[in-house]
Amino acid sequence: MKTVGIIAEYNPFHNGHLYQLRQLRARTGADYVIVVMSGDFVQRGEPAVYDKYTRTRMALAAGVDLVLELPVCFATGSAEDFAACGVALLDRLGVVDWLGFGSESGDCRRLWQVASVLAEEPEELRSRLLGLLKQGLSFPDARAQALAHFLCDPEESEKLGSLLLAPNNILGIEYLKALIRRTSRIQPVTIQRLGQDYHDTASVGGEVLASASAIRSAIRENDFAMVRRQLPEKVFSLLQLPGGEDNRDGDSDQSPSPVPVFAEDLSGLLNYRLMDLNRTRAAHPLDAYADLSPDLALRLQHKLLEWEDFSGRIRQLKTRGYTYTRISRALLHLLLGITDEQISCCKKRDYVSYARILGFRHEARPLLGRIRQKTSLPLITKTADAHKILDDDGLAMLHMDFHASHLYQSLVFSKTGVRMKNEYTQSVILL
């Protein structure tokens, strides 16, 4: 029994993901594919465009065998924390042979070379990085320049700099760092990314693989002709499930039509949260929340009652030294109540305290049996029974996931009146 693991957001699942999935199966000969997937909020510091159960159905329909949830405190974290948690979960399952990921370079050897240096964090590299950060460079730019100087001759630095600034390469390097630090037996396999650039949002024809950013933009603009071209047929059909307006009570077994959610849908909740924190700031200092540095917290403190939507709040805080995504994550952590102390506690427990199953295919039952034999993690299938198998710290981590999903469900309800099943009544998706 051979298994490949993938860490993903599937925001949403599209033809590029299907290409990667097929290439990984062909290259490894794997019998099963396990995906560790972000829940209802993603690494950019935003809500996922569709809820995690819809995205689980998408993945299973496309051929994934098992979907596990990446805990929200790391699903919304830095690339390093996102990768470290995903790799920890796959590693501790005890059954994963390969870690598959996409990259712009497609060169696992070169990515491994870079990851090996970063995993060791030599003093010379750290010193140069700190110096560049003090000059006002963003962390991605500073790290790229520091590493290029550490590894290369001057004529090679530009080439390496390009490698280090490509989004999928960055994440791939973090996966490899996590494998190296864990001395994991899992072997990496990278598939070269095709199609649009990661951040490109332009509409494209059916022959070109669109970026997830472009597909989300099309969903926002109700350009479902473009969306249909870019999603596998079985995946696209899930966006047209019956039930929608007629299924508002949440009691039916039939799933309601998925409702897209965007960052601006968080605006009202964020402004309320900031107003409440302004009232209780002595008891709840802003810099206690994850990614809110003392500098960012001070800048936000001066803007608390200057109302803006979610994107406007990011613009209020934007400086050369902070990326848009870093600020977005900080605001999301504040909204979700995720603190540095909570994240530190989770890291001390090796990032994960459980493996929560969101969905699986009938054919994957032998895989589940194998995991139960090999894993060092409690498997959660019924959330109502979680208190029986988790300790207090594990339950605290799980309740962060619950809180995030219930907040997401409240956004869906406020937009459409559709009541989704809550985290205690929603069953594992079985295909």
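Any idea which residue in the range 169-193 is farthest from residue 141 (Cα to Cα), counting only those that are β-branched (Val, Ile, Thr) and touching a helix residue (DSSP H, G or I) at 6+ places or on another chain (Cβ under 7 Å)? If we take residues in the range 169-193 being β-branched (Val, Ile, Thr) and touching a helix residue (DSSP H, G or I) at 6+ places or on another chain (Cβ under 7 Å), then 186 is farthest from residue 141 (Cα to Cα). Within the range 376-393, the residues that satisfy the criterion of being touching a helix residue (DSSP H, G or I) at 6+ places or on another chain (Cβ under 9 Å) and farther than 23 Å from residue 51 by Cα are 376, 377, 378, 387, 390, 393.
Considering only the range 270-319, state which residues are modelled with pLDDT of 90 or more and part of a loop (DSSP other than H, G, I, E, B). Selection gives 290, 291, 292, 293, 302, 303, 306, 307, 308, 309, 318.
Residues that are in contact (Cβ under 8 Å) with a residue 60 or more places away in the chain, in a loop (DSSP other than H, G, I, E, B) and within 26 Å of residue 230 (Cβ to Cβ) occur in the range 157-179; there is at least one. A count restricted to the range 114-130 and to residues that are more than 23 Å from residue 182 (Cβ to Cβ) and of a type in the set (S, T, N, Q) stands at 1.
Total residues in the range 148-205 satisfying the condition of being at pLDDT below 80 and among the hydroxyl-bearing types (Ser, Thr, Tyr): the figure is 5. Of the helices (runs of 4 or more DSSP H) lying entirely inside the range 343-431, those carrying at least 2 residues that are among the hydroxyl-bearing types (Ser, Thr, Tyr) and buried (at least 20 other Cβ atoms within 10 Å of the Cβ) are 392-416. Being more than 30 Å from residue 314 (Cβ to Cβ) and surrounded by fewer than 20 Cβ atoms within 10 Å (Cβ to Cβ) is a property that does not hold for residue 65.
Considering only residues that are more than 12 Å from residue 172 (Cα to Cα) and β-branched (Val, Ile, Thr), which ones fall in the range 100-155? If the condition is that a residue be more than 12 Å from residue 172 (Cα to Cα) and β-branched (Val, Ile, Thr), then 117 is the only one that fits.
The residue of the range 205-219 that is surrounded by the most Cβ atoms within 10 Å (Cβ to Cβ), among those that are in contact (Cβ under 8 Å) with a residue 12 or more places away in the chain and not in a helix (DSSP H, G or I), is 210. Checked against the criteria, residue 202 does not count as among the hydrophobic types (A, V, I, L, M, F, W, C), surrounded by 18 or more Cβ atoms within 10 Å (Cβ to Cβ) and more than 17 Å from the chain's Cα centre (by Cα).
The values are calculated or read from the model by the stated rules, or taken from the named source; none is laboratory data. Quantities reported herein were computed from a predicted structural model and do not represent experimental measurements. Cβ: placed from backbone, ideal geometry, glycine included. Neighbour counts: every protein chain shown.
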